[in-house]
1. Return only the number of the condition from (1) out of contact with any Asp or Glu (no Cβ under 9 Å at 6 or more places or on another chain); (2) at negative phi that Gly301 does not satisfy.
2. From the list Gly429, Gly418, Gly405, Gly433, exactly one residue is among the small types (Gly, Ala, Ser), closer than 19 Å to Ala365 by Cα and modelled with pLDDT of 95 or more. Which is it?
3. All but one of (1) among the polar types (S, T, N, Q); (2) in a loop (DSSP other than H, G, I, E, B); (3) more than 19 Å from Pro96 (Cβ to Cβ) hold for Asn77; state the number of the condition that does not hold.
4. Which fully enclosed helices (runs of 4 or more DSSP H) of the range 343-444 have 3 or more residues being over 14 Å from the mean Cα position of the chain (by Cα)?
5. When both residues are 6+ apart or on different chains and their Cβ atoms are under 7 Å apart, which pairs have a first residue that lies in the range 142-160 and is closer than 9 Å to His199 by Cβ and assigned to a helix (DSSP H, G or I), and a second that is hydroxyl-bearing (Ser, Thr, Tyr) and open to solvent by 10 Å² or more (accessible area, probe 1.4 Å)?
6. Looking at the range 28-53, I want the residues that are open to solvent by 10 Å² or more (accessible area, probe 1.4 Å) and have a partner that is part of a helix (DSSP H, G or I) and β-branched (Val, Ile, Thr) with Cβ atoms under 6 Å, at least 6 apart or on another chain. Which pairs are those?
7. Please enumerate the residues belonging to the range 558-607 that are over 28 Å from Thr186 (Cα atoms), assigned to a helix (DSSP H, G or I) and of a type in the set (Val, Ile, Thr).
8. Kindly establish whether Ala190 is surrounded by fewer than 22 Cβ atoms within 10 Å (Cβ to Cβ) and touching a residue at least 60 places away in the same chain (Cβ under 8 Å).
Amino acid sequence: MYIIPKPYCMEEKEGQFLLAYDSEIAIDNSCREAYFYACLLKQEIRESVGFSLDILAEETGRTAIVMKLEPEGRWENGKEEYLLEVTARKIRVTAPAPAGLLFGVQTLRQIIRQEKTVIPCLTVRDCPKIANRGYYFDVTRGRVPKLEELKKLAEKLSFYKINQLQIYIEHSFRFPGSSEVWRDDTPLTAEDILELDRHCRRYHIELIPSLSSFGHLYKVLRTKTFRHLGEFPETADAPFSLWDRMRHHTLCAAEEGAIAYAKEMIDRYMELFSSSYFNICADETFDLGKGRSRALAEQKGTDTLYLAFVGELCRHVVSKGKIPMFWGDIIRSFPEAASGLPKETVCLNWGYAPEESADAAEAFARIGIRQYTCPGVSGWDRLIPGIKDSYENIRRMCVYALTYGAEGVLNTDWGDHGHINHPDFSTAGMIYGAAFSWRGEILPFDEISRHISLLEYGDASETFISLLAALVQPGFGWREAVWYMERGRDWLTEEMFGGTENCLKAIRETTDGLYRLIPGIEKQQRGRAASYLIGLKGMELLVLAGSFVAEKEFGQKRKTEATGSVLAAQLEEWFYDYKALWRSVSRESELYRIQDVVFRYADMLRENA
């Protein structure tokens, strides 16, 4: 039996509790949330074992499960602590506060999902070491999920005891008076945010607003209305580029209206959230001091310009009674300057390499900067995430959080170059973050991956995640395909294509292994597993398209006997399936941009033929 995150104290005992079809759930009527938690448990029981229990506000002779707040008990570890006791006669979930009661129920749900009606007697006492455990989801650079999918995401986060969620916005929110910014998208609305915020609160998740307010304002600064606020307004009419969108487009620190614009957007967006935080982002301000603010930067220094702009926004957020957050990539090179920011400010210290060092976390801790460590699920730019990379990165950053006294961990899922990655494929990385940020206990890769395979995917062989993790990531994948299409030959190297044969072999072996694994996966999860077949096919076709590029640019022998016309047709057939997968969870958003890249490759392949 597996529990994710692993409890700090679990004692298994002799005996079993048999869950009967006519038993009942008794709730503490003084806890308004208890009925909702009981409904979650009732649904889990119905789906896992096939019958449904009644919910009562008092114990009777048929009470099987008791859920109760005990605020006067011997609790020492905060509102998320809980006690779960299973005896041969009854199951009791108690906690000092509603959040703990919910997390106790989530643990019980995990046990019932595996053990069904025969539950071993045990005692679980649990609480987190890291108070803030978050997930960060890009909903702006290609993919805007349906509201129902965002709500399902919140439910899954709660199941694994994550208590914060941020969704990243550049242009994909329907700000009044900014139709030129979002007119070609399917943006989230105020009603969407209000509903998501309400839904998250039910699951004890704090929905934190996150809004680009300095860098990464590509679509904003390409409009006729707002281009004058940027460092390089003369580039606003250049053709759209997925690559260029990632590179710059920063508000001009020398432009009087820039800070006013940022504050106005912050104020409008902030009103929709009940959170005590506001993330102004302010990352990757690559243009700063290079365009219209060059003279000011030469006079004062680029670092000074950055700190002044960020400091003004942070003070504005504090004046509204909120705690400012910002990404720490720029200030990492001059961390001492953070002392000039409001003391409330939280630095989001991100780093995504599998071998990510502790240097930044140590530096911020030494200077006394409030920080979260921020790893990533390694899904961006890829059809299927680098699962082993995500494990290595996340485990390190969670250890750094405890070692250097970080206030939280924020695990990130970005959407670079159109957000090609299907959101559900990031689940393993999300769970690694949940498991390791709870108490900082790091399970070996094979062990935690077995747990995820069984508990999340119903895989009786417990090999689903390790099968996918064995994939060799291609030298020519989605990011490379976009870059070649938009930037040409100059950035390519022959070495990039050297591992093509091994990559194709790994993809095909993984595909074969997945077909053989699916029959052993629980029926309701097979569709999720089968979706990976679409991702694997896309990876294979991109690698094969890359072999045509290698032949054209470097004279390398192709790795396929298929003609360009045949491969083009296969790409188009694949994209038909990919569109259906996209539309099953996301709004139309920027699917058309991905389509443009795929079809341009199909046309190129036919031309080569």
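The values are calculated or read from the model by the stated rules, or taken from the named source; none is laboratory data. Just so it is clear, the structure is predicted and the values come from calculations on it, not from any experiment. Note that each Cβ is placed from the backbone with ideal geometry, even for glycine, and that neighbours are counted across all protein chains shown. Please note that ligands, DNA and RNA were not included when accessible areas were found on the heavy atoms of the full protein model with its side chains. Shrake-Rupley method; radii C 1.70, N 1.55, O 1.52, S 1.80 Å.
1. It fails just one condition, (2).
2. On the way: Gly429 fails: closer than 19 Å to Ala365 by Cα; Gly418 fails: closer than 19 Å to Ala365 by Cα; Gly433 fails: closer than 19 Å to Ala365 by Cα.
Result: Gly405 is the single residue among Gly429, Gly418, Gly405, Gly433 that is among the small types (Gly, Ala, Ser), closer than 19 Å to Ala365 by Cα and modelled with pLDDT of 95 or more.
3. Failed condition: (3).
4. Details: elements: 359-367, 387-403, 416-419, 427-439.
Result: 359-367, 387-403, 427-439.
5. Taking only residues 6 or more apart or on different chains, the pairs are Ala154/Tyr203; Glu155/Tyr203.
6. These pairs meet every condition: Ser48/Ile112.
7. Within the range 558-607, just Val566 meets the criteria.
8. Yes.
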